[in-house]
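FYI, it's all coordinate maths here, none of it is from the lab. Not measured: the values here are computed from a predicted model. Cβ coordinates were reconstructed from backbone atoms using ideal geometry, including for glycine residues, and neighbour counts include every protein chain displayed.
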Amino acid sequence: MTFTPTKLAGCFIIDPTIINDGRGYFMESFNENKFEAGTGKRVHFVQDNQSFSAKGVLRGLHYQTGEHAQAKLVRVLKGEVLDVAVDIRPGSKTYGQHVAVVLSGENQRQLYVPRGFAHGFLVLSETAVFFYKCDNFYNKESEGGIIYNDTAIGIDWGMGEEDFIISEKDTVLPNLQNSRAAW
């Protein structure tokens, strides 16, 4: 596995070592010891989530607050998405900045999104199966969110908004300035 730090401290792009042969391929998608050596972080994942979405579905930007904050290790099993992490840690040098990474079933790339980040993705392929591990359990009362098109963050989703499919809940999220504090 290769761990590449992003411009946002604590957020990493992870490229697995893929062993291909005539039968297909094999890869480790997670190894606790390699993860800790590559990121300097010890994590204990307690919940796995999976979603299926069609092209243009935009989910996010979501996060959990306070003691229920979650770190996530995200990847795409099938299809392709633009995955985005936004630093919302109070006092962070990169507060309000984001990274965007194309994750696909083909490249097998993963993104580690630490606690204190909002997260979202846009499906670029006809469909996508998105999978992620969380280090804390979901808690409805601790939900937070930021509108996907906040100009202060300036995410280029690479697709026209007229093609987005967004839940009603996500269309009324506040901008970063008016969102719930991460903690």
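Of note:
- Within the stretch 28-46, the set of residues being surrounded by 13 or more Cβ atoms within 10 Å (Cβ to Cβ) and farther than 18 Å from VAL113 by Cα is empty.
- Filtered by the rule that a residue be under 22 Å from GLY144 (Cβ atoms), surrounded by fewer than 13 Cβ atoms within 10 Å (Cβ to Cβ) and acidic (Asp, Glu), the stretch 155-183 gives a lone residue, GLU168.
- SER125 satisfies every condition listed in (1) among the polar types (S, T, N, Q); (2) part of a strand (DSSP E or B); (3) touching a Ser or Thr at 6+ places or on another chain (Cβ under 8 Å); (4) under 27 Å from THR17 (Cβ atoms) except (2).
- The single condition among (1) over 29 Å from VAL46 (Cβ atoms); (2) part of a strand (DSSP E or B) that LYS133 does not meet is (1).
- Hey, GLY60 of a type outside the set (A, V, I, L, M, F, W, C), at positive phi, out of contact with any helix residue (DSSP H, G or I) (no Cβ under 6 Å at 6 or more places or on another chain) and assigned to a strand (DSSP E or B) or not: yes
- Members of the stretch 4-48 that are without any contact (Cβ under 8 Å) to a residue 40 or more places away in the chain and assigned to a strand (DSSP E or B): THR4, PRO5, ILE19, ASN20, ASP21, GLY24, TYR25, PHE26
- Residue in the stretch 33-46 that is touching a helix residue (DSSP H, G or I) at 6+ places or on another chain (Cβ under 7 Å), at negative phi and not polar (S, T, N, Q) present: yes
- Look at (1) part of a helix (DSSP H, G or I); (2) under 17 Å from the mean Cα position of the chain (by Cα) and you find that LYS169 fails only one, number (2).
- Of all residues in the stretch 54-71, those satisfying the criterion of being in contact with a Leu (Cβ under 9 Å, 6 or more places away or on another chain) and surrounded by fewer than 24 Cβ atoms within 10 Å (Cβ to Cβ) are LYS55, GLY56, VAL57, ARG59, GLY60, HIS62.
- Of the residues making up the stretch 142-165, those that are outside any loop (DSSP other than H, G, I, E, B) and without any contact (Cβ under 8 Å) to a residue 40 or more places away in the chain are GLU161, GLU162.
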